[in-house]
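Below you'll find the structure, written out as structure tokens, and then a few comments.
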Amino acid sequence: MAAIDEDPDTRLRLVVDFAPKTFAAGPPGELNRRLVERYGDRDLVRDSLIFHFDTGVYSGPRSEHFARRREQARSWLSANSSHAVQDWLERYIGILGKRIEDAKIEEERVF
């Protein structure tokens with residue numbers, strides 16, 4: 001984190017773009033936990049991580065895809081004691097809930 005502190009506006013963007021998409025226990029999720037705990041008050045980190053977590057490929061109904069992501073985020077929420085991480089995950093879960101609702105409406109219109 002010291003290297004990020006030298007030029008946070010530039011380096012945070014790079015780190016977030018390459019961060020693993022997890023808050024699971026262990027090294028992969030540790031980076032995101034530390035980013036949110038230390039820099040989570042910055043819009044750059046808060047919003048960029050959500051955008052980063054939303055990228056990827058999936059098949060099937062969008063509502064089911066978002067529902068799977070929400071369940072994963074809920075499991076991370078129950079496993080993390082950091083208030084900053086819990087706040088970020090609660091925000092992400094709320095966004096996913098809205099996306100699930102929107103996707104279901106769109107899916108009903110298509111069928």
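For the stretch 52-93, how many residues are in contact (Cβ under 8 Å) with a residue 24 or more places away in the chain and on the phi > 0 side of the Ramachandran plot?
1
Which count do you get for residues in the stretch 63-97 that are among the charged types (D, E, K, R) and either touching an Asp or Glu at 6+ places or on another chain (Cβ under 6 Å) or at pLDDT below 95 (or both)?
0
Taking Val57 as the residue in question, decide whether it is closer than 24 Å to Arg99 by Cα, in contact with a Phe, Trp or Tyr (Cβ under 6 Å, 6 or more places away or on another chain) and of a type outside the set (D, E, K, R).
no
Does any residue in the stretch 94-111 that is in contact (Cβ under 8 Å) with a residue 12 or more places away in the chain and surrounded by 12 or more Cβ atoms within 10 Å (Cβ to Cβ) come within less than 7 Å, Cβ to Cβ, of a residue that is assigned to a helix (DSSP H, G or I) and polar (S, T, N, Q) six or more places away or on a different chain, and which pairs are these?
What qualifies is Ile100/Ser63; Ala103/Ser63; Lys104/Ser63; Glu107/Ser63.
Which members of the stretch 1-34 meet the condition of being out of contact with any Pro (no Cβ under 8 Å at 6 or more places or on another chain), closer than 21 Å to Gly56 by Cβ and touching a residue at least 40 places away in the same chain (Cβ under 8 Å)?
Correct list: Phe23, Ala24, Arg33.
The values are calculated or read from the model by the stated rules, or taken from the named source; none is laboratory data. Only a predicted model underlies this, so the values are computations on that prediction, with no experimental measurement involved. Quick reminder, even Gly has a Cβ in these numbers, built from the backbone with ideal geometry, and neighbours come from all protein chains shown.
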